[in-house]
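Following: one structure in structure tokens, then a few remarks.
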Amino acid sequence: MRAMASKTPVGFIGLGNMGNPMAKNLVKHGYPVIAYDVFPEACKEFQDLGAQVTDSPADVAERADRIITMLPSSPNAIEVYTGANGILKKVKKGSLLIDSSTIDPAVSKELAKAVEKMGAVFMDAPVSGGVGAARAGNLTFMVGGVEQEFDAAKELLTCMGSNVVYCGEVGTGQAAKICNNMLLAISMIGTAEAMNLGIRLGLDPKLLAKILNMSSGRCWSSDTYNPVPGVMEGVPSANNYQGGFGTTLMAKDLGLAQISATNTKTPVPLGSQAHQIYRMMCAKGYALKDFSAVFQFLREEENL
């Protein structure tokens, strides 16, 4: 079935740090990709791989009836779907539109309504796992939308991820993602604080990380993505916090969590504190560094 489906082109809009390896994995699985990115240079690599490159999201929609979008924020998603040259200008009836951006669940619901009016199907499918998992095809997709369309979406998403989970109606994928990222931000700050304290108490950071990771404090931030330079190889902290998941994006996701918490009257005191810390980092030159740079930020902020 996949071999037959692979003859049908798949549109991919948004070829940034995450979208680039995701689209490459579709190519590896035999899907002809029709690509667009607001920055033309991002598309050149895909031209070399044999993908078609278009001039607008509308052009992608004209040539493909299955489209994946991977965009930085809610305003970007709104523009790509409903803008003057957006997908909805030329979308075909029956098209499947999968948005893997992390955006406000309320925006996902509004986009779904607009897409439905055009006779097409919209699903939100944000991801977890970061750039490394995107390259390896090991992402986790959290999918919201009409359940009858889940299998059609899963066929594509399994080319890019090892876990594809149906969450419920449109917006529930986003809900799961922002809850996950709020916890991730809190645990990363906690790991950075604990490592910093241990180092100042005279512990070797590698030894401390080893102890944490065999003890009750173990978490993903400590055992897979440790924020302390020199503790682990192949993570942003080993490369001056370059690559990975940017601080500005984490601040954005925490902002989405705050909006949702306000709307649902949910107390999230640690989430609120994490949001403030990441916003401060953005204001002090860390915006483009990986979010694990909170370790470096805490060490430099003696008066925090």
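Counting only the Cα atoms, the chain fills a convex hull of 138 Å³ per residue.
Here the chain has 54 percent of its accessible surface on carbon and sulfur atoms, given a 1.4 Å probe and all protein chains in place. Largest GNM mean-square fluctuation among 238, 35, 58, using the chain with Cα springs under 10 Å: 238.
In region 193-255, Cα pairs under 8 Å separated by at least six residues give a relative contact order of 18 percent. Of all aspartates and glutamates in the structure, the ones whose alpha carbon falls short of 12 Å from that of residue 109, not counting any fewer than 8 places away in one chain, are 99, 124, 169. Could you tell me whether region 181-304 comes out rounded, prolate or oblate from its Cα gyration tensor? Rule is a ≥ b ≥ c as square roots of the eigenvalues, rounded for a/c under 1.5, then prolate if a/b exceeds b/c, otherwise oblate. Because a/c hits 1.5 or more and a/b exceeds b/c, region 181-304 counts as prolate. Helix 19-28 axis versus longest C-alpha principal axis of the chain: approximately 60°, rounded to the nearest ten. Summarising the amide proton neighbourhood of residue 164: residues at separation of 5 or more, or on other chains, whose placed amide H is nearer than 5 Å comprise 141. Straight-distance candidates among the lysines for linking to residue 289, with alpha-carbon spacing under 20 Å and chain neighbours fewer than 8 residues away dropped: 252.
Backbone phi angles across region 90-103, fed through the Karplus curve with coefficients 6.51, -1.76 and 1.60 (θ = phi - 60°), yield HN-Hα couplings of 9, 5, 8, 4, x, 5, 10, 10, 10, 9, 9, 5, 9, 9 Hz in residue order; Gly and Pro are listed as x. Taken one residue at a time, the phi angles of region 256-269 give Karplus couplings (6.51, -1.76, 1.60, θ = phi - 60°) of 4, 5, 5, 4, 5, 5, 5, 5, 9, 6, 9, x, 9, x Hz. Gly and Pro are set to x. Whole-Hz Karplus values for region 285-301 come out as x, 9, 3, 8, 7, 4, 5, 5, 5, 4, 4, 4, 4, 5, 5, 8, 9 Hz, taken residue by residue from phi with 6.51 cos²θ - 1.76 cosθ + 1.60 and θ = phi - 60°; glycine and proline positions read x.
Per residue, the accessible area of the chain comes to 47 Å², computed with a 1.4 Å probe over protein heavy atoms only. Across the cross-link table entries 24/117; 44/92; 154/265, which are compared at the Cα atoms, the separations over 29 Å belong to 24/117; 154/265.
The values are calculated or read from the model by the stated rules, or taken from the named source; none is laboratory data. All values derive from a computational prediction rather than experimental measurement. Please note that ligands, DNA and RNA were not included when accessible areas were found on the heavy atoms of the full protein model with its side chains. Shrake-Rupley method; radii C 1.70, N 1.55, O 1.52, S 1.80 Å.
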